[in-house]
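Any read-out appearing in this document is the output of simple, stated calculations on the displayed coordinates, not a laboratory observation. Nothing here was measured: the structure is a model prediction, and the numbers come from that model. With ideal geometry, Cβ positions are generated from the backbone for all residues, glycine too; neighbour counts draw on all protein chains shown.
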């Protein structure tokens, strides 16, 4: 990493003030709610919250801390803060915010990890072309680190070796009519929805008691698609955590069934005006996922959601309502 050049850094004024976790401002971002803090506390994380203010914007942030060993801990800020500076100031802002938050952390904290919800600068610039128009090919990690550290004082921002969540999302506008939403889907998805209906596939809202069936499919999906799997307790904690506030997110759990066989499933969280596919799973060679998506969209509209956020990976997207909206800055 190149050393910082004197005179080329930017001083930013970022004020951090601790606050009770339950006073977090309601948000469309599930991972920045007090509900998510309660879920993570069940899983062994320490939870804290801070007000964040800088010239031009203000908000708050949920901060999670977990011990790695007796002498070391990690700090994780999932998809926060919700609002940030212009892309050219991402690095200096994160550097200053990290320094401010570190004053309230234990000495054992080794690093702060961010998965940011801000616009990806490479998407704004078009990125490199890929066979799938919904996928964004970013520069090598070293180039991304140099760009993120530009104008910082210490050049200490690093690209994480592993994405804890998918890097990009597709946002489907649920304000349109159902026929219009279906019309924006890929022909293959519309075909699969109709095929599933003809074959008698039913999408039902399931109870938490069906989580073992969902988890079995989840493990198959993780092995097939090559992403790290979570323990069963991570899913169970979602349904064991009672909403604590009037604006708390609501969870829905769907399974696609053919007779008594479970073909696919999805866990959906409605937070504010948006709903997020927390996790979707599908059997190998089965194609009921489109019917699950359709049912989810109908339910979310009934719950008052205006946007359906698809956790977009390399397998392509079902919606064509607009371009991909990267939700995590790549450093």
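Listed by Cβ neighbour count within 10 Å, with the fewest neighbours leading, 58, 89 appear as 58, 89. Taking packing as the residue-averaged number of other Cβ atoms within 10 angstrom, the listed peptides 153-159, 195-201, 67-73, 25-31 run from highest to lowest as 25-31, 153-159, 195-201, 67-73. Counted by neighbouring Cβ atoms within 10 Å, the residues 191, 114 run from fewest to most as 191, 114.
Mean projection of the alpha-carbon convex hull of region 212-272 over all orientations, in nm²?
Details: hull surface 21.0 nm².
The orientation-averaged projected area of the Cα hull of region 212-272 comes to 5.2 nm².
Sorted largest first, the spans of the alpha carbon positions of region 15-149 along the three principal axes are 43, 35, 27 Å.
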